Amino acid sequence: MTRFLKILGSVILVLSIAIVILIIFDFGYIFRGIQATYFQGHNTAFIDDYPHFENRLIEAGTEPDKWPEHSNYNSVESTQDLAQLNEELETAAFLIIKNDSIWFEKYYQEYGPDSKTNSFSMAKSIVSALLGSAIKDGYIKSLEQPVSDFFPQFESDLKVGDLASMSSGLNWNENYYNPFGMTARAYFDENIRELVLRLKVTGTPGERFKYLSGNTILLGMVIEKATGENLSDYLSQNLWKPMNMQHDALWQLDSKESGMEKAYCCIASNARDFARFGKLYKNNGQWNGKQLLSPEFVKQSTQPRFKDSPQYGYGFWLSDYKDKDIFYMRGIHGQYVIVIPEDDLIIVRLGENLIKKDKDEEHAPDFYKYIDETYKMLNDVANN
């Protein structure tokens, strides 16, 4: 018993010292991370984690509009490969929208049409859309406006468009697996503005693509300062309500005191409402006769900025798979809104896991599989 008490005392001493060190060196957010992940049975951020954070409401309007159902709605089953993939990767929702009507729709596990799950980095595309809205409203002059007009501590060579196209040259370290890194701190810390304002431009802005979540956080801060509104309210008034979203959404905040949306991630919504951003961009920024974004901005957003980085535009991932011009939103756990305009096709997948890509791959293997299986299903109906 005495030996056990000595061991217990040593463990408590070591833990106490570790806690003091973490607090002294400003890593206290790690405790928040442990509480929001490990204490919930997960080892990282997960699709249902929004209740463990402060959130701000993104209000839907008083006239929500349902997606129409296609004449062939759910007339075909998933292919065997798609069904297996969705089971293995713990899919929550899978939708195929053809000619602006839901053609196929299936939910898995305990999820349904109204279930909210985390967008993760699909939010980057939505923040890019907010940039387009702010330019249209005249709050931001253009993609070429210097960030220093809003935050003078950044050099004038850094343009707003460099943030949206992931070419800022900022010294952000994009590491998802280091608990002491910037991305983890941004997810669990209580003041992300403070974190981003410590950044320095160490590369040449506008020269090359480098995916950094810090870019979108700073872009969100620019939009916030330019419009005089928080991101959730601006999104609600300019896109969520005009696009007749069916449900309110939630955007995770760094903390109640700071009140900054995690601009690079973390909008909790459902598959049908996320899909509307695919339709908005497929239809060149127009929604039910209203021009919410300029066609020029949408076109520029969904084309490569850099010849040697054809996989990215302004907030959207790009692909020429199957010799088709494809643009899409994506999140770290395999969240996708995939748009193939020439076939009037939108594919939405939400869920917990994806097939991890190799370092030299630009798109995850499941991205291709979802497209392949969708075309198989469409062809089955066409051939019958």
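The values are calculated or read from the model by the stated rules, or taken from the named source; none is laboratory data. Keep in mind it's a predicted model, so treat the numbers as computed, not measured. Here the Cβ positions follow ideal geometry from the backbone for every residue, glycine too, while neighbour counts run over all protein chains shown. Side chains are part of the model used for accessible areas, which takes the heavy atoms of the whole protein and leaves out ligands, DNA and RNA. Shrake-Rupley method; radii C 1.70, N 1.55, O 1.52, S 1.80 Å.
A Förster radius of 35 Å, combined with the Cβ-Cβ distance separating A382 from K359, puts the computed FRET efficiency at roughly 0.40. Coupling constants for segment 153-158 follow from the phi torsions by the Karplus curve (6.51 cos²θ - 1.76 cosθ + 1.60, θ = phi - 60°), and in residue order they are 5, 9, 5, 5, 6, 7 Hz; glycine and proline get x.
Within the assembled protein chains, the solvent-accessible surface assigned to E110 is about 130 Å², based on a 1.4 Å probe.
State whether the chain is rounded, prolate or oblate according to the following rule on the C-alpha gyration tensor (a ≥ b ≥ c being the square roots of its eigenvalues): a/c under 1.5 gives rounded; otherwise a/b larger than b/c gives prolate, and the remaining case gives oblate.
oblate
Modelled this way, with points 7 Å down the Cα-to-C-beta line, the labels at E207 and D323 are 3.8 nm from one another. Surface analysis of the chain yields an accessible area of 45 Å² per residue, using protein heavy atoms and a 1.4 Å probe. Of all lysines in the structure, those lying under 18 Å Cα to Cα from K357, and not within fewer than 8 positions of it along the same chain, are K210, K369. Within the accessible surface of the chain, defined with a 1.4 Å probe on protein heavy atoms only, the carbon and sulfur portion equals 49 percent. Relative contact order of segment 121-269: 28 percent, from C-alpha pairs under 8 Å at least 6 residues apart in sequence. For the pair Q311 and S156, label points projected 7 Å from Cα toward Cβ lie 3.6 nm apart. In this simple spin-label approximation, L197 and D81 carry label points 7 Å from Cα along the Cα→Cβ vector, and these lie 5.2 nm apart. All other residues whose Cβ lies under 14 angstrom from that of N238 are scored, Lys and Arg at +1 and Asp and Glu at -1, for a net of -1.
Cross-link pairs exceeding 27 Å in C-alpha to C-alpha distance, out of K116/K307; K136/K279; K200/K279; K116/K141; K98/K290, comprise K116/K307; K200/K279; K116/K141. Computed from point charges on the beta carbon alone (+1 for Lys and Arg, -1 for Asp and Glu), the dipole magnitude for segment 307-375 about its Cα centre is near 280 Debye. Computed log10 I(q)/I(0) for segment 269-384 at 0.17, 0.20 Å⁻¹: -0.89, -1.20, from the Debye equation with unit scatterers placed on every C-alpha and solvent omitted.
Can you figure out the FRET efficiency of N284 with S101, using R₀ = 25 Å and their beta-carbon distance, to the nearest 0.05?
Details: r = 19 Å, r/R0 = 0.76.
Efficiency, from the Cβ-Cβ distance: 0.85.
The mean sequence separation of alpha-carbon pairs under 8 Å and at least six residues apart, normalised by the residue count of segment 214-357, gives a relative contact order of 14 percent.
Charging the Cβ of each Asp and Glu at -1 and of each Lys and Arg at +1, and nothing else, the dipole of the chain about its Cα centre rounds to 760 debye. Multiplying the residue separation of N178 and D114 by 0.36 nm and removing their Cα-Cα distance gives an extension gain of 19.7 nm.
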